Each structure stands twice: as C-alpha cells, then as structure tokens.
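Written below as structure tokens is the structure these notes are about.
The values are calculated or read from the model by the stated rules, or taken from the named source; none is laboratory data. Everything numeric here is computed off the predicted structure, so don't read it as measured data. Cβ atoms come from the backbone with ideal geometry, glycine included; neighbour counts cover every protein chain shown. Ligands, DNA and RNA are excluded from the accessible area calculation, which covers all protein heavy atoms including side chains. Shrake-Rupley method; radii C 1.70, N 1.55, O 1.52, S 1.80 Å.
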Amino acid sequence: MGLLQLLKTQFLCHLIICYVFVLSGLIVNVLQLCTLPLWFVNKQLARRINVRLCYCISSQMVAVLEWWSGSECTLYTDPKSYPLYGKENAIVVLNHSFEIDFLCGWTFCERFGVLGSSKVLAKKELAYVPVIGWMWYFLEIVFCKRKWEEDRRTVAQDLQNLKDYPEKFWFLLYCEGTRFTPKKHQISMKVAETKGLAKLKYHLLPRTKGFWVTVQNLRGSAAAVYDSTLNFRNNETPTLLGILNGKKYHADLYVRRIPLESIPEDEAECAAWLHKLYQEKDSFQEQYAQTGHYPGPIMSPSRRPWTLINWLFWSCLLLYPLGLLLAQLISSGSMLTILASVAFCSAASLGVRWMIGQTEINKGSSYGNKEVTLNNN
Ligand SMILES: CCCCC/C=C\C/C=C\CCCCCCCC(=O)SCCNC(=O)CCNC(=O)[C@H](O)C(C)(C)COP(=O)(O)OP(=O)(O)OC[C@H]1O[C@@H](n2cnc3c(N)ncnc32)[C@H](O)[C@@H]1OP(=O)(O)O
Ligand SMILES: CCCCCCCCCCCCCCCCCC(=O)OC[C@@H](O)COP(=O)(O)O
C-alpha cells in the first residue's frame, strides 16, 4: 500500500472530510433559508440560487467519489442520444441494488451539468437527514410516504410545480421502491407470480404507480425517459465508507433514451410497459453477468474539475479557522474545555456515522419485506 493510499484510510482524514462537509452543508442550509423571502418576490431567481447552493453540497460527495477514491464511471449509450443528455429534462429509471447507486447517478449528473438541479422521488424519512434532507426541501425534491392513498395527491402536485422549473433537471425514479435484498426479492417474485408476471432475477418487481404519475405529470416538460442500468465490475459491493477509505470502484452504466411520447397514457398500459422495461433491464444484467459489459458503445464523459475546486474552496475556508481554534484550545491548557471539545467531536462523529448509515442496505427499511396476500383477479 502506497503512502497516499495509507493516508486515505486514516480516521483523521475522514474526520476532516466530514467536518468540511457538515459545516459547509449547514452554512448552505442557512443561506437557503435566507432565500425564502426571495421566493415571494422572484421565485425563478430563488430557484436558480438554490440550484447553485445545492451544487456546493452534492458536488462534495461526487468529489470524494471521483477525486478521493478515484472510482471510474463508464457510460454505455447510443451516440445519437448522447448529445441530448443535459440539454433536456428527463425521467431517469435506475435499478436500486447498491449503496452508492445514487452517488454514481450524481456523478453522471455532474458530468452532464445538471447536478445542482436534479431531483428524485424520495422516501419521506430522508427529508429529516441533516444537510442533505434539508437542502432537498429547497430543491423541491418530491417526497413520498410509500402509501399510495396519501401520496397520489401530494406527489402529483409536487410534480406539477416542476413544470416551470427554470433549469434543466433529471428526475430519478427507483421504481423498485426499496433496495434489493434476497428476502425482498423473494417476496416480490411471489407477487409477480400471483399477478402472472414474468420473474426477474436481478430486480425487485417495479412499483408502477409512481412511474405512471411521474410520466403523466411531467408530460410536456420532460422529453424522455432514460432507462439506466447500473452494475459494478468484478462483483464489487461499493459502500460510502469504502469510498471514504479511498477504495477505487468501477461502475458501468447502460442508458437508453426513450421518448416520452412512446409511453402509454393509460395507467394499466403504462404499468404493463414498465414491467416489460424491467424484463429488458433484467436481460441487460444477465448479459453483464455473462460478458462483463453492456450492449452499445462506450461514450464516457470525463470528470470535470468543478467538484474538486468547490471541495478545495470549502476546505480552505473552513480548515483555517479550525486550525486556529485547535491552537487556541491547546494553548489555553484548560482540561475542562479540552474534554468538552472531545465530547462534542465524538457526538458529531456519531451523528455523521448515523447519516452514513442511511446509505447502508442492512440498515434499510422493512418496506417490501412483508408477505402480502393478493387476489389475482
Ligand atoms: C443515470 C443518471 C442518474 C441520475 C440521477 C438523477 C438525480 C439524482 C438525484 C438525487 C439522488 C438522491 C438519491 C436519493 C435516493 C432516495 C430514493 C428513495 O427514497 S426510493 C424510495 C421512494 N421511492 C419510491 O418508492 C418510488 C417507487 N414507488 C412507487 O412508485 C410506489 O408506487 C409509490 C408511489 C411510492 C406508492 O407506494 P405504495 O406502496 O403505497 O403503493 P404500491 O402501488 O407500490 O403498492 C401496492 C401495489 O404493489 C403491489 N405489491 C405489493 N407488494 C409488492 C412487492 N413486494 N413488490 C411489488 N409490488 C408489490 C400490490 O399488489 C399493489 O399492486 P397494484 O398496483 O396492482 O394494486
Ligand atoms: C464529502 C463526503 C462526506 C461524506 C460524509 C457524510 C455522509 C453523509 C451522507 C448522507 C447521505 C444521505 C443521502 C442518503 C441517500 C440515500 C439513498 C438511498 O439509497 O435511500 C434508500 C431508499 O432509496 C430506499 O430505502 P430502503 O427502503 O431501502 O431503506
């Protein structure tokens, strides 16, 4: 192991990265709060400012993936569709099997210039995660309780609000609704069997209602669905902690652009269309498992320096006062102040560990874990 690689595994480095992330994130959250009055005067300007503020936070996580861990993200796609990426609004449908799949998604958003504005249909619990969840509130992220009776109205309304969004965005949908685990897979395949649907090997049975409501409400503002299938080389199981430790991963993403007009408007037809799409996605994963690559040529955009520049900017801004504070603390010689500072840092570390836990599959929800009785009529 080289010296640099050894350095990347040191807890102190992780502490510094997390300190910069959390403090800059809280500063950004406060700045976002300050844009609230502007919403009533010039909503579009407030939205544009928030896009840039959100970039300051999410791009730090992308920087850790791209520059700290040096992970490689390869894109397989059709060369005819490629020039449209980042130039139009799109709904992205992605498999939900990896702890950092959202981060790989963000990396591609970054490379196509839509990182600050990109959105997701996210479970409500994430709205309460400090920094990221609070930032999403100002970004008009659509949250759902995964209870259709309650979501049908709120989700449709929130999607309608995006119709006049002033910046290009990608709207991410994990139609599986939860992350893949063997138990959830087994249960969802029982549901598939009851409904007479073909079984999937690599995906959970997609939930169709969120997809239908998104397509219907973004018609006229989104131009296409980007069907995206992600996997990692050599059966890697990437984690956020692995990235913090400087571990290099190799992500492969296959994207197909499907014009929105070709998706049926009728709910039942749209659901059938989505089930067929997931059968195709399953066959792409099978091909990947057999051959180690997806169909189609590689058209990878390279990483841009902006994430690194943003990260260095916040590090310089926040590490200098931290250094001064530490020097003062040590020179004060007060045992009580030192102990209080150590206690504060330990509590903050536990808080960040809890945030990282939000990305871990084994700490995931029980959604999709319970056997359901279904009538197949
Ligand atoms: C490549 C570029 C990438 C670009 C990235 C761009 C942007 C990035 C931006 C941000 C990144 C941040 C990432 C954050 C990630 C956070 C993601 C999440 O939080 S995922 C969880 C939330 N999202 C979803 O759940 C979306 C999918 N879900 C739905 O669409 C649901 O339908 C719903 C709208 C949430 C409603 O859920 P509910 O449970 O109430 O209803 P359902 O219709 O799903 O359930 C009833 C229905 O399902 C059948 N059923 C029962 N059990 C199962 C089962 N185990 N599996 C499948 N189906 C099941 C049941 O029979 C009913 O069927 P029917 O409809 O026929 O009656
Ligand atoms: C600069 C880097 C610093 C890193 C240190 C700080 C880390 C803080 C990380 C906070 C990340 C919070 C974003 C969470 C996104 C999680 C996405 C996700 O995958 O959610 C799961 C849901 O889809 C489904 O939930 P389940 O039903 O599977 O349960």
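Points to keep in mind about this one:
- In segment 38-59, the residues that are over 29 Å from L312 (Cβ atoms) reach residues that are in a helix (DSSP H, G or I) with C-beta atoms within less than 7 angstrom, at least six apart or across chains, in these pairs: W39/A46.
- Where a residue in segment 174-188 is over 9 Å from L205 (Cα atoms) and its partner, wherever it lies, is assigned to a helix (DSSP H, G or I) and near ligand 1 (Cβ under 7 Å from one of its atoms), with Cβ under 7 Å and at least six apart: T178/K184
- Residues of segment 168-191 classified as away from ligand 2 (no atom under 14 Å from the Cβ) and among the hydrophobic types (A, V, I, L, M, F, W, C), total: 5
- Residue in segment 150-185 that is least open to solvent (accessible area, probe 1.4 Å), counting only those that are more than 23 Å from G364 (Cα to Cα) and within 11 Å of ligand 1 (Cβ to nearest atom): F169
- Lone qualifier among I338, I258 - being part of a strand (DSSP E or B) and either open to solvent by 80 Å² or more (accessible area, probe 1.4 Å) or of a type in the set (A, V, I, L, M) (or both): I258
- Filter result (touching a strand residue (DSSP E or B) at 6+ places or on another chain (Cβ under 8 Å), open to solvent by 30 Å² or more (accessible area, probe 1.4 Å) and without any contact (Cβ under 8 Å) to a residue 40 or more places away in the chain) within segment 83-135: K124
- A single member of Q5, Q44 is open to solvent by 30 Å² or more (accessible area, probe 1.4 Å), over 20 Å from the mean Cα position of the chain (by Cα), modelled with pLDDT under 95 and of a type outside the set (V, I, T), and it is Q5.
- Annotation: of all residues in segment 227-252 being assigned to a strand (DSSP E or B) and within 15 Å of H96 (Cα to Cα), the one that is nearest to ligand 2 (Cβ to nearest atom) is L230.
- Checking W314 against (1) modelled with pLDDT under 95; (2) touching a Cys at 6+ places or on another chain (Cβ under 8 Å); (3) of a type outside the set (A, V, I, L, M), the condition it does not meet: (1)
- When the test is whether a residue is more than 30 Å from T214 (Cα to Cα) and not hydroxyl-bearing (S, T, Y), L312 passes it.
- Checklist (1) more than 18 Å from the chain's Cα centre (by Cα); (2) on the phi > 0 side of the Ramachandran plot; (3) not charged (D, E, K, R) applied to P166, failing item: (2)
- Residues satisfying the stated conditions in segment 219-246, i.e. out of contact with any His (no Cβ under 7 Å at 6 or more places or on another chain) and among the hydrophobic types (A, V, I, L, M, F, W, C): A222, A223, A224, V225, L230, L240, L241, I243
- Restricting attention to segment 278-307, the residues that are open to solvent by 50 Å² or more (accessible area, probe 1.4 Å) and within 16 Å of ligand 2 (Cβ to nearest atom) total 2.
- Taken over segment 62-82, the criterion of being within 23 Å of M135 (Cβ to Cβ) and open to solvent by 30 Å² or more (accessible area, probe 1.4 Å) is satisfied by W67, W68.
- Selection within segment 22-37: residues that are part of a helix (DSSP H, G or I) and open to solvent by less than 20 Å² (accessible area, probe 1.4 Å). The member of this set that is nearest to W354 (Cα to Cα) is G25.
- Evaluating L84 against the criteria (1) more than 17 Å from A222 (Cα to Cα); (2) more than 8 Å from ligand 1 (Cβ to nearest atom); (3) among the hydrophobic types (A, V, I, L, M, F, W, C) leaves one unmet condition, (1).
- Residue within segment 199-211 that is touching a residue at least 24 places away in the same chain (Cβ under 8 Å), over 21 Å from the mean Cα position of the chain (by Cα) and over 30 Å from L6 (Cβ atoms) present: yes
- Counting the residues of segment 70-82 that are under 15 Å from Y254 (Cα atoms) and touching a strand residue (DSSP E or B) at 6+ places or on another chain (Cβ under 8 Å) gives 8.
- Residue match in segment 254-267 (condition: touching a Ser or Thr at 6+ places or on another chain (Cβ under 7 Å) and of a type in the set (S, T, Y)): yes
- Single residue of L139, L84 found to be under 25 Å from Y278 (Cα atoms), in the same structural domain as S228 (by the TED database) and among the aliphatic types (A, V, I, L, M): L84
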